[in-house]
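This report concerns only the one structure given below.
The values are calculated or read from the model by the stated rules, or taken from the named source; none is laboratory data. Since this is a predicted model, take the numbers as computed values, not measurements. FYI the Cβ positions are ideal-geometry reconstructions off the backbone, even for glycines, and counts take in every protein chain you see. The protein model used for the area step is the full one, side chains on, heavy atoms only, and it has no ligands, DNA or RNA in it. Shrake-Rupley method; radii C 1.70, N 1.55, O 1.52, S 1.80 Å.
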Amino acid sequence: IMIPRYKIYWSFGNIQCICYTFNSLVGQFELFSVSPIAYVANQMGGAVGNGTFGAQRGIEPRLDGFEFDAKCVIQGFVLKYVARRQDPIVITNPGGTFGGQAKDLISKAKPGDLYIFDNVKAKCPGDNAGRNINSLSFNIR
C-alpha cells in the first residue's frame, strides 16, 4: 500500500517537475514526472532563417535533463501562420509531424512571417492522456 505523503511542483529553466513522495510498507521513495519540452529546428522559438524553418519535419518533444531513456510523442497542435499584411491562418495538426496543411504553411515561410505553435499536446510513458506543453513562436528572418 502506498500513500502519497506530499506533492511538490518545481521548475528549473525549461524543465518542470511534479514530484510525489510516497510512504509504503517497505519505506519511502520518490516518483518524478518531468514535462517534455517542444522544439522545432532545435529551438523553442525566436528568430530562424526561412530555409532552416522550411526544412523542418515537425515538432520534437525532448525530456531535457532527464537521465532515463523515455520517449514522448506529440499528439497534435494548433498552428497559427501570420504573414505580413495578411489575415492569420489557423489549422489543427494531428501528431508531431507536419502534414497536409501544416506542411504547406511551413513551406511558405518568408522573412517577416510569424508562426505560432499552440496547444501542443504530448504523451509520455506512464501518462493516461496527453498533456499540454510549451507553445512555440518563430519570427522568420
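Data for the structure
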{"quantity": "Residues within segment 45-74 that are of a type outside the set (A, V, I, L, M) and over 18 Å from SER135 (Cα atoms), tallied", "calculated": "11"}
{"quantity": "Residues being more than 23 Å from GLY130 (Cα to Cα) and open to solvent by 70 Å² or more (accessible area, probe 1.4 Å) - total across segment 75-88", "calculated": "5"}
{"quantity": "Count - residues of segment 111-132 that are part of a loop (DSSP other than H, G, I, E, B) and modelled with pLDDT of 95 or more", "calculated": "3"}
{"quantity": "Lone qualifier among ALA41, ALA55 - being surrounded by 14 or more Cβ atoms within 10 Å (Cβ to Cβ), within 30 Å of PHE98 (Cα to Cα) and at pLDDT 60 or above", "calculated": "ALA41"}
